[in-house]
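Reading through the structure tokens given below for one structure.
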Amino acid sequence: IMGWWDSAWKTLAEDWVYGWLGPQQVRSSFPTGAVEANASYLNIFLKSARVVDVRKGLTTFYGVVHSFMKLPHRSLGTAEFNVVTTPDDLKNVDARVDRVVQVNQRLLGPTPYVGGDLEIEVGLFSVPSSDLAAPYLSLLKSLSNAAGVSFMTSALPFAGPILEGVKLLTGGNGTTLEIGLSMTEPAPRQGYCVVMRAPKNAVPVSNLKLDPSDFRLLDSKGQPIAQYPYLVLEVQSSSKRDDWFQIPDLAKAYSRVQALYREGNDKDTEAALQMFRRVAKTCNDLLMEDADLLANKVASMYQIVTAAQTGRGVINVPGPAVAVELPDLQKANLYS
């Protein structure tokens, strides 16, 4: 059973509008095609969220978005990513104000897609703004930030505590699931996905358009959808991950190589370099091809630096050896 969906569905079951938008409905850059296994990094964004009529009596509410995503990864296990976000525009939501929030919140990625089922739960909740709600939400948001959505080794330890916290939060009196989505994608595809709390046939997905300026949903006449809450997700893939040098395991292993190199201990430095190679080639946050390439690039960078220091091959000048700094990991230029 995933996340909070089982209990929420039992209490709020109804036929909702759900579907994928076509390129002609978006009027902006549109990712297309399947997410290719073992050759791409998967990214999922929450582009916008809308809430309607959440004030009840004198009680105001916080708008809270929670996502729980699960997919296989290189270790042959399962990675779980949890995000709790409370955008400023969704704090103390008042029913007298239409709230469409351009969130553009990263919910997943970039993470290697190795094939298999991608499981997604995303829910927009209205939570009563009591004295305890604000600090509790802040705690969950801090845990989400610490866990991250792209580094598997960082995210896994936080998945359980965040999920339990969300269950406690959403199980309280007065909390309402405004709109939610639970799906399993055996072969994820790129594009924009919409889920709306409206009668299934009331708003044909084919008539919807996405405003490129703020990602709000528009009807067939170009007018904003006003009467229903909704979420808009974007699924995209890329062949590269720009933050590769920030992967914790890689950064830690390379930092040791740099430290030993600065101490002038060649034997220990080369041993640390071999350790970095093993860490890189087994890194679950990189595609296998990128992992192999990075291991070779760092080895080559080290060879160039040591040759320059001893005056062999690179800096061919007479005299004593010249101290040459070992560059930061980013200088390995993985994709160039």
- Can you send over the solvent-accessible area of Thr85, 1.4 Å probe, protein chains only, in Å² to the nearest 10? 10
- Task: Subtract the Cα-Cα distance of Asn201 and Tyr18 from 0.36 nm times their separation in residues, and report this length gain in nm to one decimal.
- Result: 64.9 nm
- Please work out how much accessible surface Cys283 shows to a 1.4 Å probe, ignoring ligands, DNA and RNA, in Å² rounded to 10. 10
- May I ask you to rank Glu80, Glu178, Glu263 by accessible area, largest first, using a 1.4 Å probe over the protein chains only? Glu263, Glu80, Glu178
- Considering only protein heavy atoms, with the full assembly of protein chains and a 1.4 angstrom probe, order Lys331, Lys70, Lys47, Lys281 by accessible area, largest first. Lys331, Lys281, Lys70, Lys47
- Item | With DNA, RNA and ligands ignored, accessible area of Ser29 (1.4 Å probe; Å², nearest 10) | 100
- Query: Going from most exposed to least, what order do Ser255, Ser129, Ser336 have by accessible area with a 1.4 Å probe?
  - Reply: Ser336, Ser255, Ser129
- Protection proxy ranking of 183-191, 295-303 - average other beta-carbon atoms within 10 Å, highest first: 295-303, 183-191
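The values are calculated or read from the model by the stated rules, or taken from the named source; none is laboratory data. Computed from a prediction, not measured in an experiment: that's the story for all the values here. For neighbour counting, all protein chains shown are included, and Cβ atoms are generated from backbone atoms with ideal geometry for every residue, glycine included. Each accessible area value is taken on the protein alone, full model and side chains, heavy atoms only, with ligands, DNA and RNA left out. Shrake-Rupley method; radii C 1.70, N 1.55, O 1.52, S 1.80 Å.
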